[in-house]
Amino acid sequence: MGTPGEGLGRCSHALIRGVPESLASGEGAGAGLPALDLAKAQREHGVLGGKLRQRLGLQLLELPPEESLPLGPLLGDTAVIQGDTALITRPWSPARRPEVDGVRKALQDLGLRIVEMADENATLDGTDVLFTGREFFVGLSKWTNHRGAEIVADTFRDFAVSTVPVSSPCHLRSFCGMGGPRTVVAGSSDAAQKAVRAMAVLTDHPYASLTLPDDAAADCLFLRPGLPGVLPFLLHRGGGDALQKLSDVTLVPVSCSELEKAGAGLSSLCLVLSTRPHS
């Protein structure tokens, strides 16, 4: 979120999607994901929604679960949002492409300008895209290709867009995130550290970096709700004492250990944006 010169701007809304039974039963696993404890997954999802609404003061919009979309709760893969523009992605997995329909409708209703990915050669998962407030980094991974990254650049022309090779079967944001407007946090794996080094070479902006003990901890969400006199928030899944070094944020722990079995991280479980619904 944000506009040029504004960095990681203030957010007013969050979009999430409920957990269907088909995800818990492993039907949507398709790719060998384990069955989940449905009740636990729904509790974790509910707590996340509650913290977005009550702790951060965001307007929470929840799409209903759809049994035909078992991975629907991972709606962070379906759009890249900056300012009043939403790029609707083209997920790598054809089975996941129908997930974008409900997200597109919700973002249209919020008045965002919708950009579609019409190129059938492009693939893009939203959690391969890291916006720092100054520029975009797009992970080139199993899920996202060069053509997808080019469409990100074509859509958000006010910002530099650089590609970062992802040397693991993960998304870029599964091990790398923003811990503040000028701080990149990353896991300690080889893939995470290679990505951070690549980003440091590609950028013209000075970022501090903070290494966390495990990759999952770096999949965090730095958010500035429009609350007067309130520090920004960092939603996180752990990180031990390392996160205590981030003195200008309010740390908000969130658990998604059950949903993580289906590949979910904080960056995939919600979309945040700054806008006002049409009256």
Among the listed residues Arg276, Arg197, identify the single one that is at pLDDT below 90 and among the basic types (Lys, Arg). Arg276
It is to be established whether one or more residues within segment 74-84 are acidic (Asp, Glu), buried (at least 23 other Cβ atoms within 10 Å of the Cβ) and closer than 15 Å to Leu15 by Cβ. yes
Looking at Leu56, Leu71, Leu48, Leu33 in this structure, which one is touching a Leu at 6+ places or on another chain (Cβ under 9 Å), open to solvent by less than 20 Å² (accessible area, probe 1.4 Å) and modelled with pLDDT under 95? Leu56
Can you tell me which of (1) assigned by the TED database to the domain that holds Ile81; (2) at pLDDT below 95 is the one Ile151 doesn't meet? (2)
If you scan segment 179-225, which residues turn out to be charged (D, E, K, R) and within 21 Å of Leu269 (Cβ to Cβ)? Asp214, Asp215, Asp219, Arg224
For Ala160, indicate whether it is open to solvent by 10 Å² or more (accessible area, probe 1.4 Å), small (Gly, Ala, Ser), outside the structural domain of Leu235 (by the TED database) and out of contact with any Asp or Glu (no Cβ under 6 Å at 6 or more places or on another chain). no
Let me confirm something: among Pro232, Pro169, which residue is more than 17 Å from Gly133 (Cα to Cα) and open to solvent by 10 Å² or more (accessible area, probe 1.4 Å)? Pro169
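The values are calculated or read from the model by the stated rules, or taken from the named source; none is laboratory data. Given the structure is predicted, the values throughout are model-derived calculations rather than measurements. FYI the Cβ positions are ideal-geometry reconstructions off the backbone, even for glycines, and counts take in every protein chain you see. In case anyone asks, the SASA skips ligands and DNA or RNA and just uses the protein heavy atoms, side chains included. Shrake-Rupley method; radii C 1.70, N 1.55, O 1.52, S 1.80 Å.
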